[in-house]
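> Take this structure first; my questions come after.
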């Protein structure tokens, strides 16, 4: 009988994003590394990889919280009782017929899963909203020249959210596409074309990753901002 780790709140199945994804299962939890106990991994039946055993409490708690969400999602989706391992590329290893994504930021973890027959790729990323000063400092590393030009047209109070969104949704894009193309790509290889206050965002690839995923290909995404954190999702249908 497994139990929830002492450091985690009860799992929450509330869908936070603007547009529900049919056929997917989403779970989130809040976690507090200060409440992590020595037997949390054992009691919640999550075997810690060696790299996690050697890590600090914060990393252990976020790994545990994310994996607990992922296991619950897999159980609800397809009656699977498994914990995604960490692959050589650091990404979670999902069952062959499953697409999924795990994310965490300060005190908050979430996982989403779906059947590959319906969703070929799922990428989700959670980030703390950047301060304006940090956003302006990092913009040149995260935004393409065209994105920087568009940023200049914005009121200054919108810049922090735009830079955070651009970072997050490009992370989500990578998580969704990497399992399909098995090729690494970086911030300069995609751009945010447009986004709305309602949480819709449109991305475009700026590099050739495969014959299907080539320069100019556009993909939709979505995002929500809550409690000074931004959650983004890119989903690729079958």
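The values are calculated or read from the model by the stated rules, or taken from the named source; none is laboratory data. This structure is a prediction, so every number in the text was calculated from the model and none was measured. Glycine also receives a Cβ, built like all others from the backbone with ideal geometry; neighbour counts cover every protein chain displayed.
> Filter the stretch 125-170 down to residues that are assigned to a helix (DSSP H, G or I), farther than 19 Å from residue 218 by Cα and in contact (Cβ under 8 Å) with a residue 40 or more places away in the chain, then give me how many there are.
3
This table checks each residue for (1) modelled with pLDDT of 95 or more; (2) surrounded by 14 or more Cβ atoms within 10 Å (Cβ to Cβ); (3) not assigned by TED's automatic domain parsing to the domain that holds residue 233.
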{"site": "177", "(1), (2), (3)": "yes, yes, no"}
{"site": "182", "(1), (2), (3)": "no, no, no"}
{"site": "186", "(1), (2), (3)": "yes, no, no"}
{"site": "195", "(1), (2), (3)": "yes, yes, no"}
{"site": "219", "(1), (2), (3)": "yes, yes, no"}
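> Continuing with the same structure: Can we say residue 234 is closer than 22 Å to residue 130 by Cβ and surrounded by fewer than 19 Cβ atoms within 10 Å (Cβ to Cβ)?
It is false that residue 234 is closer than 22 Å to residue 130 by Cβ and surrounded by fewer than 19 Cβ atoms within 10 Å (Cβ to Cβ).
> Related question: Condition check: surrounded by fewer than 20 Cβ atoms within 10 Å (Cβ to Cβ) and in the same structural domain as residue 203 (by TED's automatic domain parsing). Does residue 106 satisfy that?
no
> Would you please list the contacts, defined by Cβ atoms under 7 Å and residues six or more apart or on different chains, that run from a residue in the stretch 60-71 that is under 12 Å from residue 47 (Cα atoms) to a residue that is assigned to a helix (DSSP H, G or I)?
60/52; 63/52; 64/40; 64/41
> Being touching a residue at least 24 places away in the same chain (Cβ under 8 Å), closer than 23 Å to residue 112 by Cβ and buried (at least 18 other Cβ atoms within 10 Å of the Cβ) is the requirement here; does residue 2 meet it?
Against the criterion (touching a residue at least 24 places away in the same chain (Cβ under 8 Å), closer than 23 Å to residue 112 by Cβ and buried (at least 18 other Cβ atoms within 10 Å of the Cβ)), residue 2 does not qualify.
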